[in-house]
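The values are calculated or read from the model by the stated rules, or taken from the named source; none is laboratory data. Computed from a prediction, not measured in an experiment: that's the story for all the values here. Virtual Cβ from ideal backbone geometry, glycine too; neighbours counted across all protein chains shown. Please note that ligands, DNA and RNA were not included when accessible areas were found on the heavy atoms of the full protein model with its side chains. Shrake-Rupley method; radii C 1.70, N 1.55, O 1.52, S 1.80 Å.
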Amino acid sequence: MSDELDLSTGLPSAEMAQYLQMYLDETGEQLDALVESLLLLESNPTDAGQLNESFRLIHSIKGSSAMMGLSGVTVLTHHLESHFERLRSGLRELDQAAMALILRSIDFLRQCNHRLRSGETLASAPDLLDELSALGSDAVPTAVWPREIIAPVVAPPPSAPPLPATTNFRLLVQFEAEFPLADLKAELVLTRLAEIAQVRDTRPDRSQLERVAETHLLEVLLASARSAADVRAAADVHGVELIEVDPGATTFASPEIMSGPTAAAAPAGMMDEDLPAADLGAAAVLEKTDEPTRADSPQLAAADDAHDGKSKVVETVRVDIARLDKLMNLTGELVVNKARFAQVARQMAPAFRKSSLSGRARSFGQSMRRAIDLMKRHAGNGAGVNWAEQLHDLETELAVLETQAKLWEESRRGFGRMIEAIDQMARVSDNLQRGVLATRMVPVAPLFNRFKRVVRDTALEIGKQVRLEIHGEKTELDKRMIDELGDPLIHLIRNAIDHGIEPAEVRVARDKPAAGVIHLEASHSGNNVYIVVRDDGGGINVDKIRRRIVERGLLAGAAARELSEREVIDYIWHPGFSTAEAVSDISGRGVGMDIVKTRIAELNGVVEVRHTARLGTTFIIKLPLTLAIVRSLLFGVRDGVFAVPIDNVREIVSVPVDQVITVHGRRTFDLRGSFIPLVGIDDVFQWRAEEEPPAGADAPVKRFQVVILHAGDKNMGLRVCELHGTQEIVIKSLAENFIHLRGLSGASILGDGSVCLLLDVAQAIVMAGEYRPQRSRV
């Protein structure tokens, strides 16, 4: 993007990109809210509250688009706004055809946002505009949809045709003192006013609106057939602190009427002589009211600002996710350094653990000096021995020993202070880690609400009655995971509608309500988030899956009949597997469930299926709270150090060698009545499958240390050489820094600088099951 000035605004294009990001974020949220409002209107088309809310959202999008100079989007939303005005006034009623067209328009607006975010040109939609124009018999302002709109383009907002002027108004708008971009907000206010009134004059002049950024005041003379309340509502945008509407006024306020409270409207430190006369008048206007002023009423003067007529809202800031990623990386390095300090402290601890050592060394030195003094007194009795020289050498060595003892004592005290500093750094590191994670956590509500439209459209497409119930929408999850969960959940929900929920007549015959229900739930448990997709349909047809397994040639008939119900259901995750009789837009290609399993695995999660015939199916997705830092169990094998998420560790056991048996060529052992497969790391990755074990690698052992790992309902016993305890490790992607290795979900740096590999437990269990009879060695 070049830095050339855009002549319509006088701002560099690079700066306008910042405003474009704000526009995209705001309109994205407004479109989500609009869809929710429309879905409520579908069940009650005359709901005045939802009609007004939809109109307000469309009007806001229209005003923001006009301010950004996106004239094509402005024209489209103007047509939508006109139709909703007819709906609000009772001239038309929202029917199914109009609803479908409005939703298509919203989809197009989403596409526009996506193209703007990608820096692409916007496409035209003349057919969509024609259909919107045909919704009403009354004429709407005609406009040409531009064939190409370069993003971002800022142009003066289009002015609506003047309405019949029946009332004159003088309007004063005061923006919040610290509010940024007040001049742009002033332009937005004028754009909104132009929709319902004829703007006759402004103070400051419209060509000098940049002065609003200094005074935070805008005064407007206008004429409109609307009420004073409508004029006030049009000017009430985010950032406005005070609004005064004076019906009947045809001139700007006189500067002489400025009085005490409104003098504060001028910027701090600015005297009357600093203001031009025109602006002084604007700054002087008080909001007219019949109620007592704060100066007249001690109760009002003591009231909280939240009761000034505009409720306080929580201040938020939008942060680029890339910045959070960088901050998370720095936090990860701090966690690694904390682990390194802790390891160094553990290594040094034995030398300073007993404080009596330095005292004993001093006592020994004192005893030796007494012995030397005694020997000096009797030195003359030795024949042929230079006792004086010997004793001098011994005294010198004792002096060194005493000096060293003092250093030990000082080092011991210093070591204690270092331990305190490490503990303090650990607390700071933990708090910083939790704080950074909290900034990345967002509620799942916007994600879940998106599926109301999915359920509505899919049910209509296949002619079923389905409703969506959402629970736990306040549950928070890492923003990266939220972004990645959309496709898997769409596939699960569409699959539930297509394959799970029965047609209305079948449900009624089974004593069920005609409309099926899909429950979408989220909840926290420990360091995990559980997302559940549950339907009250007919469950999974196990016999049909078994037949399809044979038809696809995946197994022979006899082998398929020997499969348990759980093993049969696992085939729904097989790539290309589908039980649909024909290919449709919803199902039949066998790619949806495969995508679900793959995406969830990429997020270090697992998905489990439960079903009851004729009562419904439940998919349970288990995800870690974050992908960045994972509390893990570290263990050593012959090839190095590995880690597994602590949530995948069922228990740690010691298994006698003579209790390991071989079943169908695979080692296993009995654990409280359950047979657990016993594998080594080579059975998972087959790194040394063709190598002869090194001489002396295996000393006779009587017991194996085994970590019992689980993923979903599957278990595996992994033999390990030694256990290193639990630790929070910072996960780095292998795919981004090296190559993707199946069975590994990342790597980390330990305190001693060595590399630790994080095991993908779900994949490791599958890979161990694919391996031939074992020849592995720990």
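Highest mean packing comes first when the peptides 521-527, 195-201 are listed by Cβ atoms within 10 Å, giving 195-201, 521-527.
Per q in 0.16, 0.25 1/Å, what log10 I(q)/I(0) does a Debye calculation on the alpha-carbon atoms of region 638-685 return? Listed by q, the Debye log ratios stand at -0.58, -1.18. Pairwise Cα distances in region 497-569 exceed 21 Å for 51 percent of all pairs.
Taking the protein heavy atoms of region 464-547 in the context of the full set of protein chains, the accessible area attributed to carbon and sulfur is 45 percent at 1.4 Å.
A convex hull fitted around the alpha carbon atoms of region 10-112 yields 88 Å³ per residue. In whole Å, how far is the Cα centre of region 600-652 from that of region 481-539? What the calculation gives is 22 Å, centre to centre. Taking every DSSP beta bridge that has both ends in region 400-538, the antiparallel portion is near 65%.
Using every Cα-Cα pair within region 432-584, state what percent have a distance larger than 28 Å.
That fraction is 35 percent.
Across every pair of non-identical alpha carbons in region 71-137, the mean reciprocal distance, once inverted, gives a Kirkwood radius of 12.6 Å. So for region 465-520, Kirkwood radius off the Cα pairs, Stokes-Einstein at 20 °C and 1.002 mPa s: how many µm² s⁻¹? Once the numbers are plugged in, D ends up at 166 µm²/s. Backbone amide hydrogens, once placed in the peptide plane, bring ARG650 within less than 5 Å of ILE708, LEU709, HIS710, excluding anything fewer than 5 places away on its chain.
Rounding to the nearest 20 debye, state how big the charge dipole of region 177-259 is about its Cα centre with +1 on each Lys and Arg Cβ and -1 on each Asp and Glu Cβ.
So the dipole magnitude of region 177-259 works out to roughly 280 debye.
Note that region 36-90 presents 31 Å² accessible area per residue, ligands and nucleic acids not counted, probe 1.4 Å. The string of couplings for region 227-236 from the Karplus curve (6.51, -1.76, 1.60, θ = phi - 60°) is 7, 4, 5, 5, 5, 4, 5, 5, 8, 8 Hz, one whole number per residue in order, with x for Gly and Pro. Highest average first, the peptides 604-610, 329-335 ordered by how many other beta carbon atoms sit within 10 Å of their residues are 604-610, 329-335. Taking the average, over residues, of other Cβ atoms within 10 Å as the packing measure, peptides 536-547, 658-669 rank 536-547, 658-669 from highest down.
Taking Cβ atoms as reference points and 14 Å as the exclusive limit, the residues near VAL706 contribute a net charge of +2, counting Lys and Arg as +1 and Asp and Glu as -1. The Rg/Rh ratio for region 41-94 is 1.04, where Rg is the radius of gyration of the alpha carbons and Rh is the Kirkwood radius.
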